[in-house]
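Colleague: First the structure, which I've put down as structure tokens, then a few questions once you've had a look.
Where a number appears in this text, it was derived from the coordinates with a stated rule and is not lab data. Small disclaimer: the values here were computed from a predicted structure and weren't measured. Cβ atoms come from the backbone with ideal geometry, glycine included; neighbour counts cover every protein chain shown.
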Amino acid sequence: MSPRMFEKDDDLNGHMDFVASASSLRARMYSIEVADRLKTKRIAGKIIPAIATATAAVAGLVSLELVKVVGGYGFESFNNCFFNLAIPVMVLTEAAPVKRTQIREDISFSIWDRWTVWGHQHFSLSDFINAVLVHYGIEPTMVVHGVKMLYVPVMPGHNKRLKLTMQKLIKPSVDRGYVDLTVSFAPESDGDEDLPGPPVRYYFSPDGDAHTA
């Protein structure tokens, strides 16, 4: 490994091409207005003085952790870092394994997990519930989209919704390829609260296109 000095005014080194591409990808991921290459180059020129402080420290610390990933180091080698250059203080702590929530004896999830169900134009709510049962081994007892309750068995008329298509229940916009649903599962014993589950991303078609049957 060897250091490379960032140079925004040399179009042959590919530095600005990389920065412009990376910033555009991030903007699209978070619905931020995309900046063109010229605007990105202008911003990079203004932010260079700041790179020598906190940005450089973060980039360096992240790079150290990436070296550990590439090198195949064990989990105990990784660290979190909390720093404040104004004081200054820097504290390294050992990383902790992600917490997992147990649904059943052999089924658990973490905050990083997301289940996926691929549907089609005629995919019903009953099909969705069966798909979760088949692929993940547990049957949902409640399905919610945002603040809208799609299926709660104790609610009047909700059992009739099992025959309705997911398209009709959710009413997605024409350009919407998927929705994230909140699901819950029956408790193991009467009187207990419903068990939580990870978000379930439902695609309206096998290729993620809401227009395709």
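Colleague: Comparing R100, R161, R42, which has the greatest mean-square fluctuation in the GNM of the chain with Cα pairs linked when under 10 Å apart?
Modeller: Fluctuation is largest for R42.
Colleague: Still on this model: Which FRET efficiency, nearest 0.05, do N84 and K46 yield, Cβ-Cβ r, R0 22 Å?
Modeller: Details: r = 24 Å, r/R0 = 1.09.
Computed FRET efficiency for N84 and K46 comes out at 0.40.
Colleague: Sticking with this one: If I stretch the segment between E94 and S21 completely, what's the gain in nm (0.36 nm per residue apart, minus their alpha carbon distance), one decimal?
Modeller: Full-extension gain reported as 22.9 nm.
Colleague: What are the residues whose amide H is under 5 Å from the amide H of R201, where those residues sit 5 or more places off or on another chain and H is modelled from the backbone?
Modeller: For R201, the qualifying residues are W115, T116, V117, L181.
Colleague: Over 25 Å, how big is the tail of the calculated P(r) for segment 39-160, in percent of all Cα pairs? It would help to have the intermediate numbers written out before the result.
Modeller: Numbers: 4241 of 7381 pairs.
That fraction is 57 percent.
Colleague: Taking amide H positions as placed in the peptide plane 1.01 Å from N, state which residues far from F185 in sequence (5 or more) or on other chains have amide H under 5 Å from it.
Modeller: Answer set, sorted by chain and number: T141, L195.
Colleague: Hand me the tally of lysine pairs in the chain: alpha carbons under 17 angstrom apart, and the pair either on different chains or 8 or more positions apart.
Modeller: 8
Colleague: I'm spelling it out carefully: the read-out is percent of Cα pairs over 27 Å apart, the candidates are [x] 48; [y] 57; [z] 53, and one was derived from this structure. Which label?
Modeller: The value matching this structure is [y].
Colleague: I'm a student and want to see the number: the projected area of the Cα convex hull of segment 1-87, averaged over all directions, in nm².
Modeller: Its Cα hull, projected and averaged over all orientations, spans 8.0 nm².
Colleague: Under 10 Å, Cα contacts only: if you run a Gaussian network model on the chain, which one of D106, D175, D36 comes out with the highest mean-square fluctuation?
Modeller: D36
Colleague: Also, quick follow-up: Pop the C-beta distance of M149 and E33 into the FRET formula with R0 = 45 Å and round what comes out to the nearest 0.05.
Modeller: The pair M149/E33 has a calculated efficiency of 0.85.
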